[in-house]
1. If one computes the Cα centroid of the stretch 389-406 and of the stretch 96-136, what distance in Å separates the two points?
2. At 10 °C and 1.306 mPa s, grab the translational diffusion coefficient of the stretch 161-226 from Stokes-Einstein with a Kirkwood Rh over Cα pairs, rounded to a whole number in µm² per second.
3. Principal axis extents for the stretch 108-151, Cα atoms only, whole Å, descending order, please.
4. Restricting things to Cα coordinates, could you compute the convex hull volume per residue of the stretch 352-411 in Å³?
5. Taking springs between alpha-carbon atoms closer than 10 angstrom, which of Gly245, Gly77, Gly345 fluctuates most in the Gaussian network model of the chain?
6. Quick one: angle between helix 224-234 and the longest Cα principal axis of the chain, in degrees between 0 and 90, rounded to 10, please.
7. Please rank Ser225, Ser91, fewest neighbouring Cβ atoms within 10 Å first, as an exposure proxy.
8. Where both partners of a DSSP beta bridge lie in the chain, what percent of those bridges are antiparallel, to the nearest 5?
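What follows draws every value from the coordinates through simple rules; no lab data is involved. Here the structure is a predicted model, which means the values were calculated and not measured. FYI the Cβ positions are ideal-geometry reconstructions off the backbone, even for glycines, and counts take in every protein chain you see.
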Amino acid sequence: MIPVEQALRIVLDRAKPLSTEEIDFSGATGRLLREDVVSDVDMPPFPRSAVDGYAVRAQDVRQIPARLDVVGTIPAGTFPTFRVEAGQAASIMTGAPVPEGADAVQMVEHCRVDRDRVEVLTQVDEGQNVAPLGSEVRLGDVVLKEGTRLDPAAIAVAATVGKTTLVVGRKPRVAVAATGNELVHPSQKPAPGQIRNSNGFSLLAQCAATGIEATYLGVALDTESSLDEVITKGLDADVLMLSGGVSMGRFDLVEDVLARHRVRVHVDAVALKPGKPLVFGTTDKGKLVFGLPGNPVSTMVTFELFVRPALARLEGAENPVRPLYRAKLLTELLNRGNRRAYLPGWISVDDEGQSIARPIPTRGSGDIVAFSKSNALLIVPEDRERLEAGEPVRYYALDSSLLKEDRWRNGG
Ligand code: AMP
Ligand code: MG
């Protein structure tokens with residue numbers, strides 16, 4: 001049994017970034033940028049008015065009210081060919097170039113128009129409401145760094161600098177299979193001794209949430225031939241994920257069959273609760289194989305902690321491990337045994353801005369309903385049997401910490 005960090009290091013060391021591809025920038029949200037992006041323009045490309053108003057010489061409006069001659073109008077998208085001289089002003093719109101001679105813009109709200117003259121009612125300082133040429137970005141500046149996960153703001157940056165194709169990491173091809181004689185499709189009513197297959201679908205959904213459309217290989221029976229068939233197909237992908245069949249039972253055959261496919265197993269027990277029997281191996285072609293523990297919560301937690309960072313590393317992420325945050329524990333947490341526990345919890349923020357961690361009652365690694373109520377995993381270190389109420393607790397934020405409302409707070 002090895003510590004979580006060590007297992008994670010082993011996984012990441014063997015997840016080598018895949019090749020790159022060039023795609024249209026407008027569809028690149030969520031992808032991993034594999035080049036630096038450089039600006040081909042100064043931004044703004046001209047001294048830009050930040051408001052609708054009057055372009056003036058600041059010294060002309062020292063004494064207010066100041067009456068100035070309006071010598072032109074500058075809508076956005078035009079470029080003024082005249083100068084603003086002493087005693088003059090130009091009507092200007094937001095985003096339009098400030099004409100030569102003018103060094104400030106007064107907002108229209110602080111002006112009174114009188115035919116071809118304007119009365120400026122309030123002073124403006126030199127430079128006020130004007131963004132100087134190149135003040136935001138200089139031609140040649142790096143505006144997006146290699147290794148950036150592209151978000152909507154990054155798409156806006158690419159648009160701004162005219163970078164209409166982007167070199168990104170290829171998404172790994174992922175195959176998912178469940179194992180277990182007891183499994184039936186969710187559309188079926190389980191017969192005695194059977195349960196519905198949830199892991200196959202939670203894994204597909206977790207992949208989808210990272211932007212990967214995984215291939216579903218269905219359910220393998222707990223026989224060598226059935227596992228063999230599924231693993232043969234799965235090794236076409238870059239990453240194969242299996243759930244179940246990795247514990248110590250007589251029919252937990254996944255490791256044996258992987259060995260026959262010359263998968264070298266680097267991890268087969270982690271000091272983690274839930275998720276101890278996690279299996280991780282590689283083929284000589286560098287493909288990754290995860291044998292995830294079959295209990296539904298274990299499957300999802302081990303995906304979060306190990307598979308998700310591995311997939312991101314394959315895309316080219318340098319540091320794909322989520323940071324842990326800290327919150328104040330609302331009620332005590334227990335952890336028997338010498339494994340690090342990741343327990344379902346709900347993080348909220350109180351009136352003082354303090355993060356509060358509320359443990360969610362759970363029956364353990366089979367209790368997928370309790371897990372589904374969580375937005376974070378609360379961590380009890382391996383050397384602690386309990387954390388007291390009021391103590392700081394570290395937590396792993398699930399995606400749902402940003403997406404989900406608390407619908408269970410008042411019981412249920
Ligand atoms: P295993 O790791 O195969 O021994 O499975 C551990 C527990 O998880 C058993 O109770 C299984 O019935 C359950 N389990 C295994 N695979 C799935 C699955 N795909 N969906 C739901 N539960 C499963
Ligand atoms: Mg099984």
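1. First find each Cα centre; the distance between them is then 49 Å.
2. Values: Rh = 14.2 Å.
Answer from the Stokes-Einstein relation: 112 µm²/s.
3. Principal extents (Cα only, largest first): 55, 22, 18 Å.
4. 123 Å³
5. Residue with maximal mean-square fluctuation among Gly245, Gly77, Gly345: Gly77.
6. So the helix axis and the longest Cα principal axis differ by about 20 degrees.
7. The fewest-first ordering by Cβ neighbours comes to Ser225, Ser91.
8. Details: 55 of 80 bridges.
Bridges in the chain are about 70 percent antiparallel.
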